[in-house]
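The values are calculated or read from the model by the stated rules, or taken from the named source; none is laboratory data. Just so we're clear, the structure is a prediction, and the values are computed from it rather than from any experiment. Here the Cβ is made from the backbone with ideal geometry for all residues, glycine too, and neighbour counts use every protein chain on show.
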Amino acid sequence: GNSVTQMEGPVTLSEEAFLTINCTYTATGYPSLFWYVQYPGEGLQLLLKATKADDKGSNKGFEATYRKETTSFHLEKGSVQVSDSAVYFCALTGSGGSNYKLTFGKGTLLTVNP
Amino acid sequence: NAGVTQTPKFQVLKTGQSMTLQCAQDMNHEYMSWYRQDPGMGLRLIHYSVGAGITDQGEVPNGYNVSRSTTEDFPLRLLSAAPSQTSVYFCASSYSTAEETQYFGPGTRLLVL
């Protein structure tokens, strides 16, 4: 079945540092890939997505590129802010008839200190 | 639009009690689902529905029931609560099964003693 592996946290950075959160996946077919963010006390929000190989998703300064050859979708941001402190989830949807079911990684807690 | 709403925000139950977690969306979304979030486990799919009158099991369905009598509502029922069901529960929806972006509610925190 499908699975997502993302780097274990917690990750603690200083403001303006560079962020990378690694995510690799196992899936059949051609899944779509997502990063969701969960701010303290809130539900999940879509951060960015990519639907086919070599696509780059971007939003709020975050980027991730769909790499089929390495089955990866690493999240990056060049300069983090305190407001980026949250839990980040990598996820995918299956292809074909189950393309609406999300499979999540375990989440990575990011704390950004001023 | 209110988006996806969930009630209650927090609930404490005793082992063996039953309760219903409510989820509603006002976006005319076809697809709705329930997840539970546990520390170190990410989110796991409990049940989902692809339209009114149609439900199916996800990854961890045991101990939970669902029904979908209207497009807007998708309640999750705990028949006999157990401490292992202590978790945060999220409801999510999307416009259709072809629309992959899902919208999440704020969650219900459940503690079973």
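If A:Thr12 meets every condition in (1) among the polar types (S, T, N, Q); (2) modelled with pLDDT under 95; (3) more than 27 Å from B:Ala2 (Cα to Cα) apart from one, which number is that one?
Condition (2) is where A:Thr12 drops out.
Which of (1) farther than 21 Å from A:Leu33 by Cα; (2) part of a strand (DSSP E or B); (3) at the interface with chain A (Cβ under 8 Å from one of its Cβ atoms) does B:Pro106 not meet, given it meets every other one?
It fails just one condition, (2).
Somewhere in the stretch B:64-72, is a residue under 12 Å from the mean Cα position of the chain (by Cα), within 14 Å of chain A (Cβ to nearest Cβ) and at negative phi?
no
May I ask you to list the residues in the stretch B:47-78 that are of a type in the set (D, E, K, R) and assigned to a loop (DSSP other than H, G, I, E, B)?
Passing the criteria: B:Glu59, B:Arg68, B:Glu72.
Pick out the one residue from B:Gly105, B:Gly63 that is of a type outside the set (Ser, Thr, Tyr), in contact with a Cys (Cβ under 7 Å, 6 or more places away or on another chain) and closer than 23 Å to B:Gln17 by Cβ.
Just a single option satisfies the conditions, and that option is B:Gly105.
Yes/no matrix, rows are residues, columns are (1) touching a helix residue (DSSP H, G or I) at 6+ places or on another chain (Cβ under 8 Å); (2) under 14 Å from A:Ser72 (Cα atoms); (3) modelled with pLDDT of 95 or more:
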site: A:Asn22; (1), (2), (3): no, yes, yes
site: A:Ser32; (1), (2), (3): no, yes, no
site: A:Trp35; (1), (2), (3): no, yes, yes
site: A:Gly41; (1), (2), (3): no, no, no
site: A:Leu44; (1), (2), (3): no, no, no
site: A:Lys49; (1), (2), (3): no, yes, no
site: A:Ser58; (1), (2), (3): no, no, yes
site: A:Gly61; (1), (2), (3): no, no, yes
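Of the residues A:Thr20, A:Thr12, A:Thr26, A:Thr71, only one is within 21 Å of B:Leu45 (Cβ to Cβ), out of contact with any Lys or Arg (no Cβ under 6 Å at 6 or more places or on another chain) and among the polar types (S, T, N, Q); which?
When all the criteria are applied, what remains is A:Thr26.
Please work out if B:Asp56 is touching a strand residue (DSSP E or B) at 6+ places or on another chain (Cβ under 7 Å), away from chain A (no Cβ under 14 Å) and farther than 21 Å from A:Phe34 by Cβ.
no
Inspect all residues belonging to the stretch A:51-66 and state whether any of them is in contact with a Ser or Thr (Cβ under 7 Å, 6 or more places away or on another chain), within 26 Å of B:Val4 (Cβ to Cβ) and within 13 Å of chain B (Cβ to nearest Cβ).
Yes: one or more hits.
Name the single residue that is farthest from the other protein chains (Cβ to nearest Cβ) among those in the stretch A:6-22 being in a loop (DSSP other than H, G, I, E, B) and closer than 26 Å to B:Gly105 by Cβ.
Filtering first and then ranking leaves A:Pro10.
Name the single residue that is nearest to the other protein chains (Cβ to nearest Cβ) among those in the stretch B:79-93 being assigned to a strand (DSSP E or B) and crowded, with 21+ Cβ neighbours inside 10 Å.
Filtering the stretch B:79-93 for residues that are assigned to a strand (DSSP E or B) and crowded, with 21+ Cβ neighbours inside 10 Å, the one nearest to the other protein chains (Cβ to nearest Cβ) comes out as B:Phe90.
Considering only residues that are within 7 Å of chain B (Cβ to nearest Cβ) and either in a loop (DSSP other than H, G, I, E, B) or more than 12 Å from A:Ser3 (Cβ to Cβ) (or both), which ones fall in the stretch A:100-114?
The answer is A:Tyr100, A:Lys101, A:Leu102, A:Gly105, A:Lys106, A:Gly107.
In the stretch A:23-63, how many residues are of a type outside the set (Gly, Ala, Ser), crowded, with 18+ Cβ neighbours inside 10 Å and in a strand (DSSP E or B)?
Counting residues in the stretch A:23-63 that are of a type outside the set (Gly, Ala, Ser), crowded, with 18+ Cβ neighbours inside 10 Å and in a strand (DSSP E or B) gives 13.
Can you report the number of residues in the stretch B:1-53 which are within 12 Å of chain A (Cβ to nearest Cβ) and farther than 21 Å from B:Thr101 by Cα?
Qualifying residue count, the stretch B:1-53: 6.
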